Structure formats: structure tokens, C-alpha cells
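The values are calculated or read from the model by the stated rules, or taken from the named source; none is laboratory data. Only a predicted model underlies this, so the values are computations on that prediction, with no experimental measurement involved. All Cβ positions, even for glycine, are placed from backbone atoms using ideal geometry, and neighbour counts span all protein chains on display. Keep in mind that these areas ignore ligands, DNA and RNA; they rest on the heavy atoms of the full protein, side chains included. Shrake-Rupley method; radii C 1.70, N 1.55, O 1.52, S 1.80 Å.
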Amino acid sequence: MKNVVLLGSTGSIGTSTIKVAEDLPDKIRLIGLAAGNNLELLLDQTRKHQPSAVSLFSSEKAKAASNVLGMTTEVFSGAEGLVRLATLPAADIV
């Protein structure tokens, strides 16, 4: 099992990568997801894959995500949020 942090999860390449992860559930676990500003799609992806952390570019949208997700998922924002996701200790692949 590979623990994967996916930067750009709501873009075309990111959504394709998520489909691959869904096809290989015994080989790929999504532990971190980052999106630019597509809060709704990121929330859908988070509910489905239950990553330990997510990040959005906008701090306002990150706050909204945090309100929805509660304590179940860490929520980061901005460039610092991307760095925090990319350096998650459990990540095998970013």
C-alpha cells in the first residue's frame, strides 16, 4: 500500500489520478488532497477518500472546509498548506 498526497486533486490530472486510486484500492491510499479553490469537489473527494489532511489556496475556503469537516480532517491553506501536505510523514508519494 502506497500513501499518496495528491496536489491539484480537483483539476483534470488530479481527478484522473483519483480514478486510478479508486481502481487500485489495495495499492493506493490518498492521505492528502490539495485543491486550488474548488471547495465543493474537494469536500466530495474528502468524504469519499477520507484523507488525513487537505489544503485549499484560499484561507476563507479552507475555513469553510474546516467547518464542514470538523475534527476528522486537518485543513491547511495557501503555499504553507501545500508544503505541510507535501511533507506529511506518512506520505510515500507526492
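Looking across the range 1-34, the residues that are more than 10 Å from the chain's Cα centre (by Cα) and part of a loop (DSSP other than H, G, I, E, B) come down to 1, 11, 24, 25, 26, 27. Residues in the range 62-82 that are under 12 Å from residue 33 (Cα atoms) and open to solvent by 30 Å² or more (accessible area, probe 1.4 Å): 74, 75, 77, 82.
Would it be correct to say that residue 59 is under 19 Å from residue 92 (Cα atoms) and either crowded, with 21+ Cβ neighbours inside 10 Å or touching a strand residue (DSSP E or B) at 6+ places or on another chain (Cβ under 7 Å) (or both)? The answer is no for residue 59. Name the single residue that is nearest to residue 86 (Cα to Cα) among those in the range 19-46 being open to solvent by less than 50 Å² (accessible area, probe 1.4 Å) and out of contact with any strand residue (DSSP E or B) (no Cβ under 7 Å at 6 or more places or on another chain). The selected residue is 36.
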